[in-house]
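Note sheet for the following structure.
The values are calculated or read from the model by the stated rules, or taken from the named source; none is laboratory data. On a predicted model such as this, the values are computed, not experimentally measured, just so you know. Virtual Cβ from ideal backbone geometry, glycine too; neighbours counted across all protein chains shown. Ligands, DNA and RNA are stripped out before the accessible areas are found, and what is left, the full protein with its side chains, is counted by its heavy atoms. Shrake-Rupley method; radii C 1.70, N 1.55, O 1.52, S 1.80 Å.
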Amino acid sequence: MEEFTIPKPPRTNYLNAEYGLKSWLLTRDHKRIALLYLGAISFFFFIGSLYAMAIRLELLTPQGDLVQSSTYNKMFTQHGIIMVFFFLIPSIPATLGNFLIPMMIGAKDLAFPRINLLSWYIYIIGGIVTIYALLAGGVDTGWTFYVPYSTTFSNSYVIATGLGIFINGFSSILTGLNFIVTIHTMRAPGMTWFRLPLFVWAHYATSLIMILGTPVIAITILLVALERLAHIGIFDPAAGGDPILFQHLFWFYSHPAVYIMVLPGMGVISELIANFSRKNIFGYKFVAFSSLAIAVFGFLVWGHHLFVASQSVYAGMIFSFLSFAVAIPSAIKVFNWTATLYKGSISYDTPMLYALGFIGLFTIGGMTGLFLAALAVDVHLSDTYFVVAHFHYIMVGGTLLAYLGGLHYWWPKISGRMYPEGWGRFSALIVFVGFNLTFLPQFLLGYLGMPRRYHTYPADLVSWQVLHVLSTAGASILGVGLLIPLFYLVWSMRYGPIAAANPWNLPGLEWQTASPPPTENFLTTPIVTHEAYEFAGPEHKSVVGKFERQQTTEI
């Protein structure tokens, strides 16, 4: 394997190359833009979490005695909109993807640095418009904006909220475009397609969905606004329209959007599993191509959201079959991760704990998705808390855990500092326990028939209230578990031990430059002569263990 000479950390890095607010707001450095996204996304996650906590408090009692039904409708709508469009979709690509993709392929920046900065400003403008709509009176249609309620009957700020999401969509399109061009044209000498880290493969597949799918939701929201303002009749049966057409258009984007959210997380998990078990990933090409297969199949399964919407039985059968089929590439990843762990030299550092949690929770989310893909079972479970639990096992148990795992894993590279490992492991455990206590009872609630989006339920059904109390208790624990990393990561930026250039002792290109990296990433363009995840040398065979061993006091 090619030996790399790791330079001593230079005094000048991307964090201190320039000072002042202007140097950040006008930066073209992909690493600084990633940190701008990190700050903005964390803010939106906090807002979305407040709505989630309010929802859980309302459901503690069956009477609906905390807020009125109209206010509750706005709470769950705004929780969904903020979390889906302003946290989950951009979370990993816009932060970790922006920061790491150029370094992983040996480039100095993304292909279009100015467009990268523009995408952040578009994201911020879309967020401001959406926050304005929420403060002015909110929106109560559900995050899915189903017609005819959103076009005819709702008295809330549908158009303003839709405008914010519409604007934000361009940020996704530009980010996806940037990633695709960068991966195609800016790989270092020797960085062939099959030497790319699986993190890059996952973002390449995600970028394809972003570019192909996002324009569909943009046009759909535009049509809702036109229908609401001008009554042009696209979704109105009285004027020759079809309300089910909206559901087809919406889910044609929004089911692939689920893979926009979870595919980058799968890329993170591939990195963590390989590197913390000190083994080449089992079946590299299968894992890489399964990302592309998910991107393709993701566009073919939107009809499973319409099983109870008067869709024909034949269409339902086809979409049911395809929904089972899309589980295959996801299963390939899970089996290959498990095979990679087999006889590996595993170290249970914080990122690996999040990765192992991801595998278990994502598997539960995927398996419960098969229940919903079955036509007969879905009739009973559709629009119940079973769907809520399934979705959150994929999004929170999957994407959020991968995001936290990746953030801890690359934190030494991002900040140049180490976080306290003991607190990291503790918070990972708290998040895992809190998450399961929150959402496992909701599977039972859905099976028992509790509809989602209801703020009251029969007082004589004591079992329902017991399950809701458990779920709310779990949400409190989950909230504490998510606050702990916020405090110790911020603390570590100033007081954490200084990180070595390669604290985990790994072969990836991003670890062959200083921590934090210089503005140009590499002092000289690297030449790649080894495969991804090549742990052949004796220096890469030992267990990482606690990373205190890897610290350095060099400045």
Residue satisfying condition, being closer than 28 Å to Pro93 by Cα, of a type in the set (Gly, Ala, Ser) and surrounded by fewer than 23 Cβ atoms within 10 Å (Cβ to Cβ), within set Gly137, Gly162, Gly142: Gly142
Options Lys108, Lys74; residue that is at negative phi, at pLDDT below 95, out of contact with any His (no Cβ under 8 Å at 6 or more places or on another chain) and surrounded by fewer than 24 Cβ atoms within 10 Å (Cβ to Cβ): Lys108
Per-region count, region 59-71, residues open to solvent by 10 Å² or more (accessible area, probe 1.4 Å) and either closer than 15 Å to Gly138 by Cβ or within 27 Å of the chain's Cα centre (by Cα) (or both): 5
Residue within region 244-258 that is of a type in the set (Phe, Trp, Tyr), open to solvent by 10 Å² or more (accessible area, probe 1.4 Å) and in a loop (DSSP other than H, G, I, E, B) present: no
Subset of region 14-34 (residues that are closer than 18 Å to Tyr123 by Cα, open to solvent by less than 30 Å² (accessible area, probe 1.4 Å) and either small (Gly, Ala, Ser) or out of contact with any helix residue (DSSP H, G or I) (no Cβ under 7 Å at 6 or more places or on another chain) (or both)): Asp29, Ala34
Residues satisfying the stated conditions in region 425-470, i.e. open to solvent by less than 70 Å² (accessible area, probe 1.4 Å) and either among the aromatic types (Phe, Trp, Tyr) or free of Cβ contacts under 8 Å to residues at least 12 places away in the same chain (or both): Phe435, Phe439, Phe443, Tyr457, Trp464
Number of the condition not met by Asp383 [criteria: (1) crowded, with 18+ Cβ neighbours inside 10 Å; (2) touching a strand residue (DSSP E or B) at 6+ places or on another chain (Cβ under 7 Å)]: (1)
Odd one out for Phe76 among (1) under 30 Å from Tyr385 (Cα atoms); (2) free of Cβ contacts under 8 Å to residues at least 40 places away in the same chain; (3) among the aromatic types (Phe, Trp, Tyr): (2)
Close pairs (8 angstrom Cβ cut-off, 6 or more residues apart or separate chains): touching a residue at least 60 places away in the same chain (Cβ under 8 Å) and open to solvent by 10 Å² or more (accessible area, probe 1.4 Å) in region 506-519, outside any loop (DSSP other than H, G, I, E, B) and polar (S, T, N, Q) anywhere: Gly508/Asn275; Pro516/Ser415
Lone qualifier among Tyr51, Tyr37 - being of a type in the set (Phe, Trp, Tyr), under 25 Å from the mean Cα position of the chain (by Cα) and open to solvent by less than 10 Å² (accessible area, probe 1.4 Å): Tyr37
Tally of residues being open to solvent by less than 20 Å² (accessible area, probe 1.4 Å) and under 30 Å from Val200 (Cβ atoms) across region 118-134: 4
Region 182-233, subset over 26 Å from Gly298 (Cα atoms) and of a type in the set (Val, Ile, Thr), residue surrounded by the most Cβ atoms within 10 Å (Cβ to Cβ): Ile232
Subset of region 147-159 (residues that are part of a helix (DSSP H, G or I) and either of a type in the set (Phe, Trp, Tyr) or open to solvent by less than 10 Å² (accessible area, probe 1.4 Å) (or both)): Tyr149, Ser150, Thr151, Phe153, Val158
Subset of region 462-504 (residues that are touching a helix residue (DSSP H, G or I) at 6+ places or on another chain (Cβ under 8 Å) and not in a helix (DSSP H, G or I)): Gly496, Pro497, Ala499, Ala500, Ala501, Asn502, Pro503, Trp504
